[in-house]
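The values are calculated or read from the model by the stated rules, or taken from the named source; none is laboratory data. Source: prediction; values computed, not measured. As a convention, Cβ positions derive from the backbone with ideal geometry for all residues, glycine included, and neighbour counts pool all protein chains shown.
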Amino acid sequence: MMDLVVIHLDSNLNIKWGKRIGGSHHDNADGICRKLNNGKFAIVGRTQSCDGDISFKRDCGSGPGATVSMLLAIMDTQESYTIVKPMVIVIR
């Protein structure tokens, strides 16, 4: 299992909060975009999870027939977030 972790630091590099996002399968972040127009930021990555924070209704697992979803999480600076799933890829 791999999850992604987001940590918010203050200007002195003290941890203000940390958040783990993921489920029982591999979830990882590939990039982060700071400060969207609304003050939030976006995390882009991939997930194979169907549970935990990632509750998409699809085949879960690895091998033929498994799916990998592109993951987009929109977070604010108060530790809350919304997960959006823009695309699902089926492994054949």
Neighbours by Cβ (under 7 Å, 6+ apart or cross-chain): first from the range 72-85, within 18 Å of Lys16 (Cβ to Cβ) and of a type in the set (A, V, I, L, M); second modelled with pLDDT of 70 or more and part of a loop (DSSP other than H, G, I, E, B): Met75/Lys40
Residues satisfying the stated conditions in the range 1-51, i.e. assigned to a strand (DSSP E or B) and hydroxyl-bearing (Ser, Thr, Tyr): Thr47
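Take the conditions over 15 Å from the mean Cα position of the chain (by Cα) and among the β-branched types (Val, Ile, Thr) and apply them to Ile15. Does it pass?
Numbers: over 15 Å from the mean Cα position of the chain (by Cα): yes; among the β-branched types (Val, Ile, Thr): yes.
In short, yes.
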